[in-house]
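Okay, structure first, notes after.
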Amino acid sequence: MSGKPTIHVIATGGTISGSGSSATAAAYESGRVEASELVAEVEGLSQVPIIETENLFATGSENLGPVQWRMLARRIEELTKSRDVDGVVVTHGTDTLEEASFFLDLVCKPSKPVVLTAAMRPATALSADGPANLYQAILSAASPQLKGHGILVVMNGTVIPGWQAIKTDSAALESFSAYPNGIIGRISGERLIVSGESCPLPLSGRFTDHLNKDSKLPLVRVIFLRGGYEEGLIEDWIKKDCRGVVIAGFGAGTLPDTVANRIAKMELSEFVIVVSSRVPRVMVMSETMTQIEGCNAVPSGFLNPQKSALLLSLALEDGLQTAEIVNLFKKLYS
Ligand code: SIN
């Protein structure tokens with residue numbers, strides 16, 4: 001026994017493992033650099049923990065979804081239950097990182113730190129940010145201070161509760177924010193400072209049963225509104241194979257009268273509608289959103305459309321009724 005913690009790194013692809021034709025090329029291919037090579041690039045790790053690596057996927061995160069995240073979640077559960085592992089780091093693409101971390105928080109309840117990280121620049125780029133992010137993620141996963149915080153995202157020197165991670169920039173290094181509560185820690189050099197209040201997901205591990213299932217999640221559509229609704233589109237959007245819809249409406253959940261009236265006229269028993277918003281920092285409550293006559297539409301609270309769709313799919317799979325789904329969403333903003 002060396003006394004150093006053992007951290008297990010799982011690579012899934014993304015820009016952090018991307019390789020371009022030169023150090024200045026904007027284009028690159030995701031998933032070309034293996035987990036062991038990523039770790040080898042990180043200077044300073046020799047004094048820190050013992051690292052084990054594995055490659056679960058090697059693709060851009062636009063190709064990942066609930067099917068792959070369930071596989072990832074099962075592996076995380078297995079690893080965090082092992083006496084030989086003290087913490088887990090997952091490298092992932094930034095594009096769906098916020099959904100991955102929210103999903104993992106809903107289906108896992110790890111007793112050890114689980115930290116997701118990523119990069120905005122490929123591994124081959126000038127000033128690649130991946131090595132520093134990976135170093136900081138490993139430092140965080142090795143920290144007993146971060147036990148019991150649920151899934152975490154570490155990016156650009158900040159520690160973000162996983163369920164609150166939102167991507168707000170498609171190019172800058174400072175591309176992730178913690179919404180609504182803010183970051184819970186910072187990393188500077190070799191020091192991790194946990195300063196914010198612990199705010200684990202109130203629904204952490206609520207859907208662990210999902211890990212025992214093999215079927216796909218029920219289909220939920222996301223409808224993105226823009227100014228100028230065209231009559232008749234709603235019927236096309238709300239298809240029979242779909243059990244629920246998330247509407248990315250305006251502002252605090254307003255919908256055009258034409259949309260609200262059209263939905264009100266549809267036969268929608270057994271069908272759940274969640275109203276979210278297309279703004280980056282969402283706050284939709286029952287009193288701020290447009291009411292749809294005869295339909296108990298669910299306000300999404302702080303959840304953006306993509307996170308709302310994940311929660312709604314898991315709730316539908318669990319057989320929850322609309323009133324229970326309203327309460328489920330409410331738990332995240334009351
Ligand atoms: C991806 O999400 O796989 C590509 C973008 C990134 O990782 O920054």
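Show me, for the stretch 96-110, the HN-Hα J-couplings you get by feeding each phi into the Karplus relation (A = 6.51, B = -1.76, C = 1.60, θ = phi - 60°), rounded to Hz, glycine and proline as x.
Karplus-based 3J(HN,Hα) across the stretch 96-110 equals 10, 4, 5, 6, 4, 5, 5, 4, 4, 5, 6, 10, 10, 9, x Hz.
Which lysines have a Cα less than 21 Å from the Cα of K265, not counting those fewer than 8 places away in the same chain?
K265 reaches K239, K240.
Considering amide H positions built from the backbone, and no H for Pro or chain starts, which residues 5 or more places from T254, or on another chain, come under 5 Å of its amide H?
The list, which skips near neighbours in sequence, is T290.
Relative contact order (percent) for the chain, with alpha-carbon contacts under 8 angstrom and 6 or more residues of separation?
Result for the chain is 13 percent.
In whole percent, and with a 1.4 Å probe on the protein chains, what portion of the accessible area of the stretch 6-194 is carbon and sulfur?
46 percent
Rank-order 210-221, 276-287 by packing density, defined as the average count of other C-beta atoms within 10 Å over each peptide's residues, highest first.
276-287, 210-221
What full-extension length gain, to one decimal in nm, is calculated for Q291 and L211 as 0.36 nm per residue of separation minus the Cα-Cα distance?
25.3 nm
Given charges of +1 on the Cβ of Lys and Arg and -1 on the Cβ of Asp and Glu, with all other atoms neutral, how large is the dipole of the stretch 218-331 about its Cα centre, in debye to the nearest 20?
The calculated dipole for the stretch 218-331 is roughly 420 debye.
Count charges around V272 for me, please; just the other residues with Cβ under 11 Å from its Cβ, Lys/Arg as +1, Asp/Glu as -1.
Summing Lys/Arg as +1 and Asp/Glu as -1 gives -1.
What are the equivalent ellipsoid semi-axes of the stretch 218-331, built from the alpha-carbon gyration tensor (square roots of five times its eigenvalues), in whole angstrom, biggest first?
So the three semi-axes of the stretch 218-331 are 19, 17, 13 Å.
Given K4/K330; K112/K307; K167/K330, which pairs have Cα atoms separated by over 31 Å?
In this structure, K4/K330 exceed 31 Å between Cα atoms.
How many angstrom lie between the C-alpha centres of the stretch 29-100 and the stretch 158-219?
If you average the Cα positions of each part, the centres end up 15 Å apart.
Under 10 °C and 1.306 mPa s, how fast does the chain diffuse according to Stokes-Einstein, given a Kirkwood radius computed over C-alpha pairs? Answer in µm²/s, whole number.
77 µm²/s
Would you work out if the stretch 1-130 is rounded, prolate or oblate? Take a ≥ b ≥ c from the square roots of the eigenvalues of the alpha-carbon gyration tensor; rounded if a/c is under 1.5, else prolate when a/b is larger than b/c, oblate otherwise.
Taking the square roots of the gyration eigenvalues as a ≥ b ≥ c, the stretch 1-130 is oblate.
Give me, ordered by chain and number, the residues 5 or more places off E52 or on other chains with an amide H under 5 Å from its own placed amide H.
I7, H8, V9
The values are calculated or read from the model by the stated rules, or taken from the named source; none is laboratory data. Just so it is clear, the model here is predicted, and its values are computed rather than measured. All Cβ positions, even for glycine, are placed from backbone atoms using ideal geometry, and neighbour counts span all protein chains on display. Heavy atoms of the whole protein, side chains included, go into the accessibility calculation; ligands, DNA and RNA do not. Shrake-Rupley method; radii C 1.70, N 1.55, O 1.52, S 1.80 Å.
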